[in-house]
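The block underneath contains the structure these notes are about, expressed in structure tokens.
The values are calculated or read from the model by the stated rules, or taken from the named source; none is laboratory data. What you see is a predicted model; the values in this text were computed from it and never measured. Cβ atoms come from the backbone with ideal geometry, glycine included; neighbour counts cover every protein chain shown.
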């Protein structure tokens, strides 16, 4: 077998392996992560909390409203469009041990649980107006001068976060 054939086969196998690895990573919507605090526990001799969370991946997408052309204006209405971004707040669970808070062993730990929720964001946009008006209908006149203008479209952020606090 020639070296070029071996190289082509090796390249094809490497590309296939990379595609398979990327597809499994893309399939995991929100991978779970446990924060490693064992080093603090062993080095300082403290009881450390357990922290578990998921990692959201921000994805731009949704309905993108592009520039809208308006009759009588030189520039479109939305020169800088607003870009929608969808994401999710992560699920978070935190459990911290309690040691003799009241003097008896009635309370063992305190826990916080936050449920994930969808987040929708819209970036700010801008509208600009040129200092020239529309040219005349006959095509012979110069466009009239107007005052330049501009405006900003407000950003948007919506979510429904919630959390529960409990004692064990």
Please work out if residue 62 is touching a strand residue (DSSP E or B) at 6+ places or on another chain (Cβ under 7 Å) and either modelled with pLDDT under 70 or part of a helix (DSSP H, G or I) (or both). yes
Pick from segment 106-120, criterion over 30 Å from residue 63 (Cβ atoms) and not in a strand (DSSP E or B), ranking: nearest to the chain's Cα centre (by Cα): 108
From the list 161, 97, which residue is surrounded by 11 or more Cβ atoms within 10 Å (Cβ to Cβ), assigned by TED's automatic domain parsing to the domain that holds residue 45 and under 27 Å from residue 35 (Cα atoms)? 97
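Residues checked against (1) in contact (Cβ under 8 Å) with a residue 12 or more places away in the chain; (2) out of contact with any strand residue (DSSP E or B) (no Cβ under 6 Å at 6 or more places or on another chain):
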site: 115; (1), (2): yes, no
site: 119; (1), (2): yes, no
site: 123; (1), (2): yes, yes
site: 130; (1), (2): yes, yes
site: 141; (1), (2): no, yes
site: 152; (1), (2): yes, no
site: 163; (1), (2): yes, no
site: 168; (1), (2): yes, no
Condition check: modelled with pLDDT of 80 or more, in a strand (DSSP E or B), in contact with a strand residue (DSSP E or B) (Cβ under 6 Å, 6 or more places away or on another chain) and over 25 Å from residue 168 (Cβ atoms). Does residue 51 satisfy that? no
Of the residues in segment 121-136, how many are surrounded by 14 or more Cβ atoms within 10 Å (Cβ to Cβ) and in a strand (DSSP E or B)? 7
